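Novice: One structure follows; several queries about it will come next.
The values are calculated or read from the model by the stated rules, or taken from the named source; none is laboratory data. This is a predicted model, so every value here is computed, not measured. Positions of Cβ are backbone-derived with ideal geometry, glycine not excepted, and every protein chain shown enters the neighbour counts. What goes into the accessible areas is simple: the full protein's heavy atoms, side chains included, and nothing from ligands, DNA or RNA. Shrake-Rupley method; radii C 1.70, N 1.55, O 1.52, S 1.80 Å.
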Amino acid sequence: MTPELTAPTPSRHIKTFPDLSVRYAFSRKRTDDPLLSLPGMFHYSSARAAIFHAVRWMKLPPGSVLLLPSYHCGVEVEAVLRGGAQVAFYRVRRDMSIDAEDLMRRMTPSTKAVMVIHYFGFPQHIETLLHSCREKGIYLIEDCAHGLYSQFSDGRWVGTLGDVGAFSFQKTVFLPNGGGLLLNRSSPEPPAEGQRHFDLDIVKAVLRSALDYELAAGGGLARALRAIRPKLGMTRRHHPTGSRAETPVRGEGGTPASYDAPRFGYDKGMSFLSSFLLEKEPWFQIRNRRRQNYLSLLQSLASIAELTPVFRDLPDGVCPLGLPVYVDRRPEVDFHGRAAGVEAYIFGRQPHPRLAISEFPEAEYLAKNVLCLPVHQQLQRQDLEFIAEAARRAAVACRAAQ
């Protein structure tokens, strides 16, 4: 049971992902982005929408199976199913590397595509798998929702080796929605465009994020915004309980409601506001800052025995989504961390219902024991110190509750 929260309302609020910088919002679009401006990049509302359209673009024969990793968040599996393919799963090790031998054993004549996930921006080793897929005429999808601006050890960009790469832009730069499908093989027929739609929540998300950014920056403008914010109905959506974070909202038929969030819909296109805001923040500054923050926080966590980093090394070229750690009693640790004002990112806590999780104990362990701490480019040294202290206090509180 989650311990009773006794902490006061947090004095600070550190988000999982970046907010909208007004300075970048009204700057000119850049022309030196190595990925977003590629001619084979097609924009959609989310990575899940990109995967949905990738499956449709492949025009797989009826009964085709797409092999997916057992450790996943669920929406990518749902995207494949809605795209018209069947699904099967392969083993992922506790260190988040794919088990290539298990994957190969699970290939059948019905297997027409394979997906790999580059967890938290750290590239998988896929050269051998890529060669095998090419020999067998099987599509390889790189799920790069965590990996915008990450590179393989040879310098090639994550998402450019497979037949297609799927990206979630809003996890790396602020966008109210936005994902991309990168086609890496020539095709006479491009993927279908996403449906145009208007969603008032997108407008609200932009305004709320811009307010949050200015409030975090401090100064006279922040004080003025703080005073008028409640009148605008832009109060912060902060849920300081781990139980809220750990319990997904269910929709009809027991399917998580987040599968059908309008902003990220499987058949939807990217919003006008996201298109306007995209490609304005320098990619190299984003990656450099995230790397610096990762290494700084990694050093600060070294003395906290309860938190074990998943990736102790940060290879050259990696643009980390966050700093993932293994932690026992994750709901309680997340509970206390949010009470202190730090929003951690939890990936894969609700595997897709099609997965028989008991057959994949490693994936079950990861789904229950991984917590990802923020390291995004808007965080400063004092923010990282605050995150480390919040993590330490959460670990101590859970230890005392045992």
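Novice: Would you work out what percent of the accessible area of the chain, with all protein chains in place, is carbon or sulfur (probe 1.4 Å)?
Specialist: Within the chain, the accessible surface is 52 percent carbon and sulfur.
Novice: Over what distance in Å are the Cα centres of the range 269-327 and the range 120-179 separated?
Specialist: Each part's Cα centre sits 16 Å from the other's.
Novice: Still on this model: Whose amide H sits under 5 Å from the amide H of Val342, counting only residues 5 or more places off or on another chain, with H placed in the peptide plane?
Specialist: Residues meeting the amide H criterion: Ile14.
Novice: Please calculate the 1.4 Å probe accessible area of Cys73, with all protein chains present, and give it to the nearest 10 Å².
Specialist: 40
Novice: Could you list the chymotrypsin sites (Phe, Trp or Tyr not before Pro) in the range 292-368 that lie in coil according to DSSP, counting only those with at most 16 other Cβ atoms within 10 Å of their Cβ?
Specialist: For chymotrypsin sites (Phe, Trp or Tyr not before Pro) across the range 292-368 that sit outside H, G, I, E and B with at most 16 neighbouring Cβ atoms in 10 Å, the list is empty.
Novice: Return one number: the angle in degrees, 0 to 90 and rounded to the nearest 10, between the long axis of the Cα atoms of helix 381-401 and the longest principal axis of the Cα atoms of the chain.
Specialist: 90
Novice: Could you pull out every one of the aspartates and glutamates with an alpha carbon less than 20 Å from that of Lys368, ignoring same-chain neighbours closer than 8 positions?
Specialist: Those aspartates and glutamates meeting the cut-off are Glu76, Asp95, Asp99, Glu246, Glu306, Asp328, Glu332, Asp334, Glu343, Glu359.
Novice: Taking a probe of 1.4 Å, how large is the accessible area per residue of the chain, in Å²?
Specialist: Per residue, the chain has 45 Å² of solvent-accessible surface.
Novice: When a/c reaches 1.5 or more, the comparison of a/b and b/c decides; with that in mind, is the range 271-356 rounded, prolate or oblate per its Cα gyration tensor?
Specialist: Since a/c reaches 1.5 but b/c is at least a/b, the shape of the range 271-356 is classed as oblate.
Novice: While we're on this one: Work out from phi, with θ = phi - 60° and the Karplus expression 6.51 cos²θ - 1.76 cosθ + 1.60, the ³J(HN,Hα) of each residue of the range 179-189, listed in order in whole Hz, and give x for Gly and Pro.
Specialist: x, x, 10, 9, 8, 10, 10, 5, 8, x, 10
Novice: May I pose another question? Among DSSP bridges having both ends in the chain, what percentage is antiparallel? Round to the nearest 5.
Specialist: Bridges in the chain are about 50 percent antiparallel.
Novice: Per residue, what volume in Å³ does the convex hull of the Cα atoms of the range 255-402 enclose?
Specialist: Spelled out: Cα convex hull of the range 255-402, divided by residues, is 160 Å³.
Novice: Which whole-Hz couplings ³J(HN,Hα) result when phi for each residue of the range 358-363 is put into the Karplus expression 6.51 cos²θ - 1.76 cosθ + 1.60, θ = phi - 60°, listed in order with x for Gly and Pro?
Specialist: 5, 7, 10, x, 5, 5
Novice: Would you list Arg263, Arg312, Arg56 from the most to the least accessible area, probe 1.4 Å?
Specialist: Arg312, Arg56, Arg263
Novice: From the phi angles alone, apply the Karplus equation (6.51, -1.76, 1.60; θ = phi - 60°) to the range 16-23 and give each ³J(HN,Hα) in whole Hz, x where the residue is Gly or Pro.
Specialist: For the range 16-23, the Karplus-derived couplings read 5, 10, x, 9, 7, 7, 4, 4 Hz, x marking Gly and Pro.
Novice: Ok, one more. Out of residues 5 or more away from Val114 or on other chains, whose amide H comes under 5 Å of its own, with H placed 1.01 Å from N in the peptide plane?
Specialist: For Val114, whose amide H was placed from the backbone, the distant partners under 5 Å are Leu67, Tyr139, Leu140, Ile141.
Novice: Not counting ligands, DNA or RNA, and with a 1.4 Å probe, what is Trp283's accessible surface area in Å² rounded to the nearest 10?
Specialist: Taking all protein chains as shown, Trp283 has close to 50 Å².
Novice: Rank Lys204, Lys368, Lys268 by accessible area, highest first, at a 1.4 Å probe radius?
Specialist: Result, largest first: Lys368, Lys204, Lys268.
Novice: Would you calculate a helix-derived [θ] at 222 nm for the chain, using -39,500 (n - 2.57) for each DSSP H run of n ≥ 4 and dividing by the full residue count, to the nearest 500?
Specialist: -10500 deg cm²/dmol
Novice: Here is a further query. Using Cα positions and a limit of under 29 Å, work out the lysines in reach of Lys280, with same-chain residues fewer than 8 apart set aside.
Specialist: Reachable lysines: Lys15, Lys29, Lys171, Lys204, Lys268.
Novice: Compute the distance in nm between two label points, each set 7 Å from the Cα along the Cα-to-Cβ direction, one at Met104 and one at Glu389.
Specialist: About 5.2 nm, to one decimal.
Novice: While we're on this one: Given H placed 1.01 Å from N in the peptide plane, which residues other than close sequence neighbours of Tyr44 have an amide H under 5 Å from its amide H?
Specialist: Answer set, sorted by chain and number: Gly179, Gly180, Leu181, Met270.
Novice: Follow-up question, since we're still on this one. Counting alpha carbon pairs within less than 8 Å and at least 6 residues apart, what relative contact order, in whole percent, applies to the chain?
Specialist: 25 percent.
Novice: Rolling a 1.4 angstrom probe over the protein chains, ignoring ligands and nucleic acids, what is the accessible area of Phe386 in square angstrom, nearest 10?
Specialist: 50
Novice: Let me ask something additional. Need one number for the chain: average projected area of the convex hull over its C-alpha atoms, nm².
Specialist: 19.9
Novice: Treating the beta-carbon of each Lys and Arg as +1 and of each Asp and Glu as -1, no other charges, what is the dipole magnitude of the chain about its Cα centre, to the nearest 20 debye?
Specialist: 1020
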